[in-house]
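A.B. asks: First, the structure itself, so that you have it in front of you.
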Amino acid sequence: MPNNFTFFKIFFKSGIFKNTISKYNDKEEAILLEIQSDILLILSGLCEHHIPRKEIFGTEGVNIILHVMKTDPKKLQSGLGYNVLLFSTLDSIWCCILGCYPLEDYFLEKEGIFLLLDLLALNPQKFCNLILGIMVEFCDNPKTAAHVNAWRGKKDQTAASLLIKLWRKEEKELGVKRDKHGKIIDTKKPLFTSFQEKQKITPLPANCPTIAVMDVAENIRAKIYAVLGKLDFENLPGLSAEDFVTLCIIHRYLDFKTGEIWNEIYEEIKLEKLRPVTMDKNILESITTASENIGKMVASLQSEMIESQACQDVQNEQKVYTKIQATHKQRELANKSWENFLARTSNAKTLKKAKRLQEKAIESSRRSKQPPNAVFHWTDIKGLNTTVPSGRVVTVESTPARLVGGPLADTDIALKKLPIRGGALQRVKAVKTVDEPKKSVPT
């Protein structure tokens, strides 16, 4: 092994390893993929359980792993060669990076956790267990939680939401009994799969794991529980009501699994026709009862969440309807205002009536008693022929600027003379006129 390690050290420092990986492109052949996979597997074998070798692997080795992880996801799912390369890459993360804190920190700084979660979001069935195992080990690093919570996938999906979605998918494939809202149905066996339901409990030797124990290793539920537990169940961002219902089960996974194993032990004792002493029997019964009570408590909490979400949905729906009603009301008021305007402009009696109502409203808004020595200013203009209430200033917005001449037009109101061509009052250049012939005055 020392000779092999010395060879690897020379090989790595010479840049051959880096140059080999740098040729990774769309036209790679199966031979190059196989070489890359073999190199990563050799590195994993050399660095596993050996911290000094991991330190020599260093940041350059981490950069190579990150480079491979950034491969186009379509390529990683395109064939066997890329699957082997991905497996070798994940294995090298496990063996060459985990356990060496400087490399773990560097991997986090280079957004390695983001790349792992991106791979997990692709839902590769073959690699979910391995990726989640790496995530569990990385979560021992106190810096990991911030990176995991900061990750966002498609449609702003959070890591916690992704893990809970994987949990639901796993339970669906395992045939776990849940209702349409994801609520527990059987409080005595909340984690039982369809395989466990069909399999009968049989007495086994002490060194053989039972079905409940094997279930922990055969699916990803335990790893999801471990990751979410290290992220803190109480402060997970971006979860929906359905996610919280599922999270109640995940939060109590260890309690349910413990009760499940004790129930198996109790059933095996019954099958072997053994009679435990009174104290042991009472303890076994209390454990199974406590496990069932936890199931009932979780089911009750889930029911409360579902009812609360239903009430919230009703309130949100009511708000939408209220907004729609307000919109229709505003439209009705606008239409009514327009109808009143048309009535005033087309009927003199209606206009006079509106004028009287307006004057009455203005008068009622004034003070009943004027203070002494007060100067009263009239706000209306007498003798107007307009059909709408007018003020002292009229702003015309429809007159073209070419006729007005702009705001700085050199107008002379004192002339009181319009040009022949029409338009606004403008200064007209003086025009020399021919004097009319004088009439002769008889002498």
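Here, each number is a calculation from the coordinates, and none is a lab measurement. Predicted, not measured: the structure shown is a model, and the values here were computed from it. Here the Cβ is made from the backbone with ideal geometry for all residues, glycine too, and neighbour counts use every protein chain on show.
A.B. asks: Return an integer: the convex hull volume of the alpha-carbon atoms of region 270-326, in Å³ per residue. The partial results should precede the final answer.
C.D. replies: On the way: hull volume 3.3 nm³, N = 57.
Spelled out: Cα convex hull of region 270-326, divided by residues, is 58 Å³.
A.B. asks: Now, a different point. If we count other beta carbons within 10 Å of each Cβ, what is the order of ILE362, ILE64, fewest first? Intermediate values should be presented prior to the final figure.
C.D. replies: Numbers: ILE362 12, ILE64 25.
Ordered by Cβ neighbours within 10 Å, fewest first: ILE362, ILE64.
A.B. asks: Sticking with this structure for a sec: At a threshold of 8 angstrom on Cα-Cα distance, excluding pairs fewer than six apart, so keeping six or more, what relative contact order does region 220-300 reach in percent?
C.D. replies: Values: 22 pairs, mean separation 29.4, N = 81.
Rounded, it is 36 percent for region 220-300.
A.B. asks: Under the 0.36 nm per residue contour assumption, what length would be gained going from the current alpha-carbon distance of LYS143 and GLN325 to full extension?
C.D. replies: Gain in length upon complete extension: 60.4 nm.
A.B. asks: Another question, then. Using all alpha carbons of region 72-177, what is the percent of pairwise distances in each 10 Å bin, ordered from the shortest bin to the longest?
C.D. replies: With a bin width of 10 Å, the distribution comes to 13, 45, 35, 7, 0.
A.B. asks: Please work out the C-alpha center-to-center distance from region 69-133 to region 312-341 and express it in whole Å.
C.D. replies: One Cα centre to the other: 54 Å.
A.B. asks: Follow-up. With contacts defined as alpha carbon pairs under 8 Å and 6 or more residues apart, what's the relative contact order of region 158-335 in percent? Write out the running numbers ahead of the final one.
C.D. replies: Values: 124 pairs, mean separation 54.7, N = 178.
RCO, region 158-335: 31 percent.
A.B. asks: Next question. Between LYS273 and LYS70, what length comes free when the chain is fully extended (0.36 nm per residue of separation minus the Cα-Cα distance, one decimal in nm)? Working shown, then result.
C.D. replies: Values: separation 203, 0.36 × 203 = 73.08 nm, distance 5.91 nm.
Difference between extended and current length: 67.2 nm.
A.B. asks: If you don't mind, there's one more thing I want to ask. Using the count of nearby Cβ atoms within 10 Å as a rough guide to exposure, how do GLU272, GLU34 rank from fewest to most? Could you put the intermediate results ahead of the total?
C.D. replies: Working: GLU272 8, GLU34 14.
The most exposed by this proxy come first: GLU272, GLU34.
A.B. asks: Compute the convex hull volume of the Cα atoms of region 227-330, divide it by the residue count, and report the result per residue in Å³ as a whole number. List each step's numbers first, then the result.
C.D. replies: Working: hull volume 12.4 nm³, N = 104.
Per-residue hull volume (Cα only) is 119 Å³.
A.B. asks: Continuing with this model, one more query. Semi-axes, largest first, in whole Å: what does sqrt of 5 times each Cα gyration tensor eigenvalue give for region 158-335? Before the final figure, lay out the partial values.
C.D. replies: On the way: eigenvalues 397, 60, 37 Å².
Semi-axes, largest first: 45, 17, 14 Å.
A.B. asks: What FRET efficiency do you get for MET214 and GLU34 if R0 is 22 Å and r is their Cβ-Cβ distance, rounded to the nearest 0.05? All intermediate terms of the calculation are to be shown ahead of the outcome.
C.D. replies: Values: r = 34 Å, r/R0 = 1.55.
In this case the efficiency is close to 0.05.
A.B. asks: Using the per-residue mean of other Cβ atoms lying within 10 Å as a proxy for protection, in what order, highest first, do the peptides 53-63, 219-229 fall? Walk me through the numbers on the way to the answer.
C.D. replies: Numbers: 53-63: 17.8, 219-229: 20.1.
Highest-to-lowest ranking by the protection proxy: 219-229, 53-63.
A.B. asks: Arrange the following residues from fewest to most other Cβ atoms within 10 Å of their Cβ: LEU301, LEU254, LEU43. Numbers along the way, then the final one.
C.D. replies: On the way: LEU301 17, LEU254 13, LEU43 24.
Final ranking by Cβ density, sparse to dense: LEU254, LEU301, LEU43.
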